[in-house]
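A short write-up of the structure that comes next.
The values are calculated or read from the model by the stated rules, or taken from the named source; none is laboratory data. Note that the structure is predicted; figures quoted are calculated from it, not measured. Cβ placement follows ideal geometry from the backbone for every residue including glycine, while neighbour counts extend to all protein chains displayed.
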């Protein structure tokens, strides 16, 4: 029995054009409907490969990041989105790497590694589910496994203002403020993919850096770790 061929990543000219269209339309919609603010663009690496790890407060976080990142990122997203009414058209047009989060999805993970090997900028929500603005949930092992196979930089990103309050304000005719803060890229050292505790520690470090970019009430599981990071940064600056 022959071994399965390794995953290969490529982005066609048609797909690249489609992503440009989605980003353009989305960016215009955000500028018309909300007050977008982006801080920390100087922290974005000039080229890939790297991971963009962001908090997942609502379904509006990924499109905001996609439309406001300097270059079109590759996306690791829940497979159900390709079938979800109201969103599937845009998801299929933009494309991405579908993953079944509640099971071991080897194909999705291999496609992720292939994208990184090809130099992609890949966005991932380490929580693996929406936290509904109630505070960060503990990140899952997926990010740790990816870093055990590809020691690429990770850019922590925090998005605020996109929770259910966001829709209430839109319906009231207001222009809600949505803010994206981009932290400094975290360099990744090799981690043993057989050591779950080591992979979880790596995930927690990334999540703590995301938490440090969020207001106190949204840090959730990582409140203490974020406080430690911010205390260390303050003492270094002084």
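When residues in region 4-17 are screened for being in contact with a helix residue (DSSP H, G or I) (Cβ under 7 Å, 6 or more places away or on another chain) and either surrounded by 17 or more Cβ atoms within 10 Å (Cβ to Cβ) or free of Cβ contacts under 8 Å to residues at least 60 places away in the same chain (or both), 2 of them pass. Of the residues making up region 58-65, not a single one is within 22 Å of residue 151 (Cα to Cα), buried (at least 20 other Cβ atoms within 10 Å of the Cβ) and under 19 Å from the mean Cα position of the chain (by Cα). In region 35-47, the residues that are free of Cβ contacts under 8 Å to residues at least 40 places away in the same chain reach residues that are in a strand (DSSP E or B) with C-beta atoms within less than 9 angstrom, at least six apart or across chains, in these pairs: 42/182.
The set of residues in region 97-107 being in contact with a helix residue (DSSP H, G or I) (Cβ under 8 Å, 6 or more places away or on another chain) and closer than 17 Å to residue 10 by Cβ consists of 97, 98. The single condition among (1) loosely packed, with under 15 Cβ neighbours inside 10 Å; (2) farther than 21 Å from residue 101 by Cβ that residue 176 does not meet is (1). Residue-level analysis places residue 116 among those that are modelled with pLDDT of 95 or more and farther than 28 Å from residue 28 by Cα. Pick from 173, 232, 161, 193: which is in contact with a strand residue (DSSP E or B) (Cβ under 7 Å, 6 or more places away or on another chain) and at pLDDT below 90? On inspection, the qualifying residue turns out to be 161.
When the strands (runs of 3 or more DSSP E) confined to region 59-176 are screened for residues that are in contact (Cβ under 8 Å) with a residue 40 or more places away in the chain, those reaching at least 3 such residues are found at 74-78, 121-124, 154-160.
Within region 33-45, is there a residue that is part of a loop (DSSP other than H, G, I, E, B), surrounded by 13 or more Cβ atoms within 10 Å (Cβ to Cβ) and at positive phi? Yes, there is a match, as at least one residue in region 33-45 is part of a loop (DSSP other than H, G, I, E, B), surrounded by 13 or more Cβ atoms within 10 Å (Cβ to Cβ) and at positive phi. Among the residues making up region 187-203, those that are crowded, with 19+ Cβ neighbours inside 10 Å and outside any loop (DSSP other than H, G, I, E, B) are 199, 202, 203.
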